[in-house]
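Please read the structure below before turning to the comments.
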Amino acid sequence: MTDLHQGGCQCGSLRYRFQAPLRDIAHCHCTICRRSSGGLVVTWITVPRAAFEWLRGEPGEYASSATCTRYFCRDCGAQLALFTRHSPETLDVTIGTLDEPEHAPADRHIWVGTRLPWLNLDPQLPDEEEEHI
């Protein structure tokens, strides 16, 4: 399988690609991800920032915390990426916006201290109280 991956938002206004292996993939259980996405978890892949490029459209930006900026589609609202100042050489991309998300299974859970107690998702994966950068 190639390390070149593409994705985009629901309406097609935004398209991106990155060249990196499909690894370092985590189910995030933090409250900010839940509220930003409307989902129970957000599954992210961390890629080198230099390997990522927007192919179409200009994303909206939202500072969801003092250290994080989220990128979303201004038309359909899809959340596509996140930049954190804690790791300036990388970018997190939402697995759900990949063209082929079935090739990108998670390898761990992060921010499990805020996991919903009734959610049982991939229980065989290791847990991290926060995220180890």
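Please treat every number below as a calculation from the coordinates, not as lab data. Note that this is a predicted model, so its numbers are computed, not measured. Backbone-built Cβ (ideal geometry, glycine too); neighbour counts: all protein chains shown.
Take every DSSP beta bridge whose two residues both sit in the chain; close to 85 percent of them are antiparallel. The residue among Ile32, Pro59, Val42 whose Cα reaches farthest toward the positive pole of the charge dipole of the stretch 28-102, with charges on the beta-carbon of Lys, Arg, Asp and Glu, is Ile32.
Ordering 98-106, 64-72, 26-34 by mean Cβ neighbour count within 10 Å, with the highest value first, yields 26-34, 64-72, 98-106.
3J(HN,Hα) along the stretch 77-84: x, 4, 8, 10, 8, 9, 10, 10 Hz, from the Karplus curve 6.51 cos²θ - 1.76 cosθ + 1.60 with θ = phi - 60°, whole Hz, x for Gly and Pro.
Anisotropy class assigned to the stretch 1-64 is oblate, per the alpha carbon gyration tensor with a/c at or over the 1.5 cut-off and a/b no larger than b/c. Computed from point charges on the beta carbon alone (+1 for Lys and Arg, -1 for Asp and Glu), the dipole magnitude for the stretch 5-54 about its Cα centre is near 80 Debye.
Summing Cβ point charges (Lys, Arg +1; Asp, Glu -1) relative to the Cα centre of the chain gives a dipole of roughly 420 debye. If you take the Cα centroid of the stretch 1-65 and the Cα centroid of the stretch 67-133, the two points sit 8 Å apart.
Oblate is the label for the stretch 67-110. Its Cα gyration tensor axes, ordered a ≥ b ≥ c, give a/c of at least 1.5 and b/c at or above a/b.
Taking amide H as placed 1.01 Å from N in the peptide plane, Arg74 has its amide H under 5 Å from the amide H of Gly60, each at least 5 places away in sequence or on another chain. When the chain is described by a simple charge dipole with +1 on each Lys and Arg Cβ and -1 on each Asp and Glu Cβ, the residue from Ser13, Cys68, Thr114 located farthest towards its positive end is Ser13.
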